[in-house]
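Engineer: Quick one: this structure, given as structure tokens, is what I'll be asking you about.
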Amino acid sequence: MASIIPPPDLTVRTVIKRVTFTGAVSLGAVGAVPLFTVTEGALIRLIVAQVEETLTDVGDAATLALGVTGSTSLFIAATDTDTLQGALLWVDTAPDNPGVAVPAALKDIAINDSIKATVAGEAVTGGTLQVRVYWSPLTSGSNVVAA
């Protein structure tokens, strides 16, 4: 007799992270800005970032990418932070306002690593970014929480 495999839990959950950049480690210094800790994998139904306050840097050389550990631009490639201005939606390297079709790279992506932003070039010293993740578990132990 064949085994019956139960369907995955497709319940969509939501988690939100707001980052206020200061230039400090994990808050805008060159390197990783941890956003969400992922346990036992997740199906990212949708991930969307909105700039709440314009991002700033000192010498106009900072970039920001959105991805996971091991694939830092899985969702959004390095974006000049000078384009990340208040109220814009950050869904690709050319932020949009007031609305945009969400690119395929931001929806229905299975991941096993934590989600982070990656700062390069120079520190991001000011501004606020809100990131929303809508996700479904891949296993009974799956979880996504704000880092």
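What follows draws every value from the coordinates through simple rules; no lab data is involved. The structure displayed is predicted, hence computed values, not measured ones. Ideal geometry is used to build each Cβ from the backbone, glycine not excepted, and the neighbour counts take in all protein chains shown.
Engineer: Any chance segment 70-90 includes a residue that's assigned to a strand (DSSP E or B), in contact (Cβ under 8 Å) with a residue 60 or more places away in the chain and out of contact with any helix residue (DSSP H, G or I) (no Cβ under 8 Å at 6 or more places or on another chain)?
Structural biologist: no
Engineer: I'm trying to understand the selection: among the residues of segment 20-57, which are of a type outside the set (S, T, N, Q) and within 11 Å of the chain's Cα centre (by Cα)?
Structural biologist: Listed by number, the residues that qualify are V33, P34, L35, F36, I44, L46, I47, V48, A49.
Engineer: Farther than 20 Å from E122 by Cα and either touching a strand residue (DSSP E or B) at 6+ places or on another chain (Cβ under 7 Å) or surrounded by 17 or more Cβ atoms within 10 Å (Cβ to Cβ) (or both): is that true of I76 in this structure?
Structural biologist: Here the answer is no, as I76 does not meet what is asked.
Engineer: Same structure, new question: Can you tell me which residue within segment 96-126, out of those that are part of a loop (DSSP other than H, G, I, E, B) and free of Cβ contacts under 8 Å to residues at least 60 places away in the same chain, is nearest to T72 (Cα to Cα)?
Structural biologist: Residue satisfying both the conditions and the ranking: P103.
Per-residue answers, yes or no, for (1) of a type in the set (A, V, I, L, M); (2) buried (at least 16 other Cβ atoms within 10 Å of the Cβ); (3) touching a Gly at 6+ places or on another chain (Cβ under 7 Å):
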| site | (1), (2), (3) |
| --- | --- |
| L27 | yes, yes, no |
| L35 | yes, yes, no |
| A42 | yes, yes, no |
| I47 | yes, yes, no |
| Q50 | no, yes, no |
| T63 | no, yes, yes |
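Engineer: Report, by residue number, each residue of segment 80-105 that is out of contact with any Asp or Glu (no Cβ under 8 Å at 6 or more places or on another chain) and crowded, with 20+ Cβ neighbours inside 10 Å.
Structural biologist: L84, W90, V91, P95
Engineer: Scan (1) surrounded by 14 or more Cβ atoms within 10 Å (Cβ to Cβ); (2) assigned to a loop (DSSP other than H, G, I, E, B); (3) of a type in the set (V, I, T) for the single condition V58 breaks and write down its number.
Structural biologist: So V58 meets the others, but not (1).
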